[in-house]
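S.K.: Here it is: the structure, laid out below.
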Amino acid sequence: MFTFFKVKKVAEVLEEITKFPVLPVETVGLKEALGRYLARDIFAPEDLPPFSRATMDGYAVFAKDTFGARESEPVILKVKGEIAMGEEPSFSLAPGEAARIATGGMLPEGADAVVMIEYIEEEKGLLEVKKPVAPYENVIFKGEDFKKDEVVFPKGVKVTPAIIGVLSGLGITQVEVGQRPKVGIISTGDELISPEKAIVPGKIRDINSYTLYSASLEAGTIPKFYGIVPDVKEKLFARVEEAIQENDVLLISGGSSVGTRDFTLEAISRLPHSELICHGVAVKPGKPTILAKIGRKAIFGLPGQVASALLIFYIMVRPLLLHLQGAKKEHLFLKKILAYASRNIPSTPGREDYVRVSLSLTEKGMVASPIFKKSGLISSMAEAHGFLRIPENSEGIYEGELAEVFLLP
């Protein structure tokens, strides 16, 4: 049996999380890559763009030829020809020459800029340029996005629509990414019933299964319900044993505090190769959180209080799920900003406080207003834009003081 309340600080738990082995790598096509984490550095197999091209409709020119041009005294250039879209120019430009070109057209040799069509007039093969252009104006040059063989994206980066666009432009149609973790979800408690059932005295509908499922899905995992388990030792152990065999991570809400009917810790301790990392975290809310390691897998015992369970998910569980997929450094955590506290927010030294806040933009800047509701009320999470963090050795945040706010996804 484990020892109760093996308490750790939040930073210590996060350090332990990074020690779990990352899941194996798989290869996916670009259409399946969104939201996944790169398992290898991506190198450019060629220059992007592969050739210099116009960004405006107009005429390709040697910029120096246009210097001094103005409405009353235009520069005269000879039109050598037209560059067809999607084709390589069949000619080059000599000084004093220009070529018609459309947006996206390949720049001919000898040109280093494009004069917009609004500032020219063409007649009988001659071009009047009424405004000068600087070198490289209205042009994207070969390799300006990425040079051949340079690192385009390092491993651990989350694949976004823009990254998919870059890969497509480079002709990379498949990427190696970390596998998506399988996450089992169990809610415990004699008082719980499923959402479709009518309320009867003494019962409440299961909220945690659905918030944790949705949050796990947002984190890129493959979640699975294992239902509501009553406060019966053997039933809980059987469900935990089944779920941990089928998943990489198991989330159990309820039964993490010290009480005669809280059996989560006991069920975890009976599993082969179980190792308790913490039972208790110096954080509010969510102190009785459990984290255990079962071989290469993880089990979290989360508070039964609905707001606490979801907050602990974002602070500790989500970083683990992203780490397993290969996310690195800042990609493990929620994005954060600085915001001014709208009022004094007290805290108790010796623990980190995460205060649910709503955000508003004022003339002064972003302002965080605390939502003072009990951790058993899910409305506090529904109303929150993020969590304001109060460091463990602080007695609180003063009104008008800048504080870190972690933004909810």
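The values are calculated or read from the model by the stated rules, or taken from the named source; none is laboratory data. What you are looking at is a predicted structure, and each value in this text was computed from that prediction instead of being measured. Every residue, glycine among them, receives a Cβ derived from its backbone with ideal geometry; neighbour counts consider all protein chains shown.
S.K.: Just one of (1) surrounded by fewer than 20 Cβ atoms within 10 Å (Cβ to Cβ); (2) under 24 Å from Leu250 (Cα atoms); (3) in contact with a His (Cβ under 9 Å, 6 or more places away or on another chain) trips up Arg205, so point out which.
M.R.: Among (1) surrounded by fewer than 20 Cβ atoms within 10 Å (Cβ to Cβ); (2) under 24 Å from Leu250 (Cα atoms); (3) in contact with a His (Cβ under 9 Å, 6 or more places away or on another chain), the lone unmet condition for Arg205 is (3).
S.K.: Taking into account only those residues within the range 141-191 that are of a type in the set (Ser, Thr, Tyr) and outside the structural domain of Leu322 (by TED's automatic domain parsing), which is surrounded by the most Cβ atoms within 10 Å (Cβ to Cβ)?
M.R.: Among residues in the range 141-191 that are of a type in the set (Ser, Thr, Tyr) and outside the structural domain of Leu322 (by TED's automatic domain parsing), the one surrounded by the most Cβ atoms within 10 Å (Cβ to Cβ) is Thr160.
S.K.: If you don't mind, there's one more thing I want to ask. Identify, by number, the condition in (1) of a type in the set (A, V, I, L, M, F, W, C); (2) outside any strand (DSSP E or B); (3) touching a Ser or Thr at 6+ places or on another chain (Cβ under 9 Å) that Ile185 doesn't meet.
M.R.: Of the numbered conditions (1) of a type in the set (A, V, I, L, M, F, W, C); (2) outside any strand (DSSP E or B); (3) touching a Ser or Thr at 6+ places or on another chain (Cβ under 9 Å), the odd one out for Ile185 is (2).
S.K.: When the residues of the range 45-77 are narrowed to those that are among the basic types (Lys, Arg) and out of contact with any Gly (no Cβ under 6 Å at 6 or more places or on another chain), which ends up farthest from Met106 (Cα to Cα)?
M.R.: Arg70
S.K.: Moving to a separate point now. Can Ile337 be described as more than 21 Å from Leu217 (Cα to Cα) and in a strand (DSSP E or B)? Reasoning before the result, please.
M.R.: Numbers: more than 21 Å from Leu217 (Cα to Cα): yes; in a strand (DSSP E or B): yes.
Yes, satisfied.
S.K.: Restrict the check to the range 106-116 and report whether at least one residue is surrounded by fewer than 14 Cβ atoms within 10 Å (Cβ to Cβ) and out of contact with any Phe, Trp or Tyr (no Cβ under 9 Å at 6 or more places or on another chain).
M.R.: Within the range 106-116, none of the residues are surrounded by fewer than 14 Cβ atoms within 10 Å (Cβ to Cβ) and out of contact with any Phe, Trp or Tyr (no Cβ under 9 Å at 6 or more places or on another chain).
S.K.: Considering (1) closer than 17 Å to Ile312 by Cβ; (2) crowded, with 16+ Cβ neighbours inside 10 Å; (3) among the small types (Gly, Ala, Ser), say which one Gly376 fails and leave the rest.
M.R.: (2)
For (1) of a type in the set (A, V, I, L, M, F, W, C); (2) over 30 Å from Arg40 (Cβ atoms); (3) buried (at least 20 other Cβ atoms within 10 Å of the Cβ), each residue gets a yes or a no:
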{"site": "Arg239", "(1), (2), (3)": "no, yes, yes"}
{"site": "His273", "(1), (2), (3)": "no, yes, no"}
{"site": "Leu276", "(1), (2), (3)": "yes, yes, no"}
{"site": "Gly280", "(1), (2), (3)": "no, yes, no"}
{"site": "Gly286", "(1), (2), (3)": "no, yes, yes"}
{"site": "Ala292", "(1), (2), (3)": "yes, yes, yes"}
{"site": "Ala298", "(1), (2), (3)": "yes, no, yes"}
{"site": "Leu302", "(1), (2), (3)": "yes, yes, yes"}
{"site": "Tyr314", "(1), (2), (3)": "no, no, yes"}
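S.K.: Would you mind stating whether Lys155 is under 38 Å from the mean Cα position of the chain (by Cα) and of a type in the set (D, E, K, R)?
M.R.: Here the answer is yes, as Lys155 does meet what is asked.
S.K.: Regarding the range 57-79, can at least one residue be identified that is under 28 Å from the mean Cα position of the chain (by Cα) and either surrounded by 16 or more Cβ atoms within 10 Å (Cβ to Cβ) or among the β-branched types (Val, Ile, Thr) (or both)?
M.R.: No, the range 57-79 contains no residue that is under 28 Å from the mean Cα position of the chain (by Cα) and either surrounded by 16 or more Cβ atoms within 10 Å (Cβ to Cβ) or among the β-branched types (Val, Ile, Thr) (or both).
S.K.: In the range 124-140, which residue that is more than 16 Å from Thr55 (Cα to Cα) and surrounded by fewer than 17 Cβ atoms within 10 Å (Cβ to Cβ) is farthest from the chain's Cα centre (by Cα)?
M.R.: Step one: filter the range 124-140 for residues more than 16 Å from Thr55 (Cα to Cα), giving 124-132.
Imposing the further condition that a residue be surrounded by fewer than 17 Cβ atoms within 10 Å (Cβ to Cβ) reduces the set to 124-126, 128, 131.
Values: Lys124: 57, Gly125: 55, Leu126: 54, Glu128: 51, Lys131: 45 Å.
Across the range 124-140, the extreme among qualifying residues is Lys124.
S.K.: Next up: Yes or no: Gln174 touching a residue at least 12 places away in the same chain (Cβ under 8 Å), farther than 30 Å from Val240 by Cβ and polar (S, T, N, Q)?
M.R.: Numbers: touching a residue at least 12 places away in the same chain (Cβ under 8 Å): yes; farther than 30 Å from Val240 by Cβ: yes; polar (S, T, N, Q): yes.
Answer is yes for this residue.
S.K.: Out of the range 214-236, which residues are farther than 14 Å from Leu322 by Cβ and either under 15 Å from the mean Cα position of the chain (by Cα) or of a type outside the set (Val, Ile, Thr) (or both)?
M.R.: Ser214, Pro223, Lys224, Phe225, Tyr226, Gly227, Pro230, Asp231, Lys233, Glu234, Lys235, Leu236
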